[in-house]
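Here's the structure we're looking at; comments come further down.
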Amino acid sequence: MRRSKQNTRLKRFIKDISIHTPFTNMIILLVTLWLAFSTGLYFAERGVEGASIRSYGDAMYWGIAAFSTAGIADAPQSGIAKLIGGTWIVVGSVIFFGTIVATITTYFMRPLQRPSKRIIDTIEYNLEQLNDLSIDELDILKETVDTLIIHVENLKKKQLNKKRSSGTQDYTI
């Protein structure tokens, strides 16, 4: 039971990250630019004497090593390759580290923007605390939950009625 709960939370976390943060779009942009800059670097260094980038694979490796600030990439030899490489280092680093900061910020700020998420999280947390309640407290909880269910059903009916009434208006234009 505990493993499936953790698995569900992990899936929800990944879904939240991919849907509600810029992470997926930024990774796609980063990979696209990495491939484009690697291609440019490869063509700029191709045929240059003494160049350490002799294949597209070398250029791709250089692109990863350069923007990650690892400092293990050999410097390009031609002037245009240095320009392409320097631009990639700046752009790639800004996108990579910016994506990390934006994703973390968006993920942790999102519950503040969505009160329904906080309500659900609070309910889930409180469900974990049920074992500590007395019989009287459990009775109060049952009454509260029954009232909540009635309230939710009424809200759903109102929303359905609203949809139906707005749906008929769309057809009568």
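Coordinate-derived values only; no laboratory data. Since the structure is predicted, the reported quantities are computational estimates derived from the model, not experimental observations.
As a test of the formula, what do you get for the chain when each DSSP H run with n ≥ 4 contributes -39,500 (n - 2.57) and the sum is divided by the residue count, at 222 nm and rounded to the nearest 500 deg cm²/dmol?
Values: 6 runs with 139 residues, N = 173.
When only DSSP H runs of four or more count, the value is -28000 deg cm²/dmol.
Treating each Cα of the chain as an identical point scatterer and ignoring solvent, apply the Debye formula and state log10 I(q)/I(0) at q = 0.10, 0.12, 0.14, 0.19 Å⁻¹.
Treating every Cα as an identical point scatterer, log10 I(q)/I(0) equals -0.68, -0.79, -0.90, -1.18.
Over 29 Å between Cα atoms: which of Lys117/Lys158; Lys117/Lys157; Lys11/Lys162; Lys117/Lys162 fall into that group? Write down the numbers at each step before the final one.
Working: Lys117/Lys158 22 Å; Lys117/Lys157 22 Å; Lys11/Lys162 33 Å; Lys117/Lys162 24 Å.
In this structure, Lys11/Lys162 exceed 29 Å between Cα atoms.
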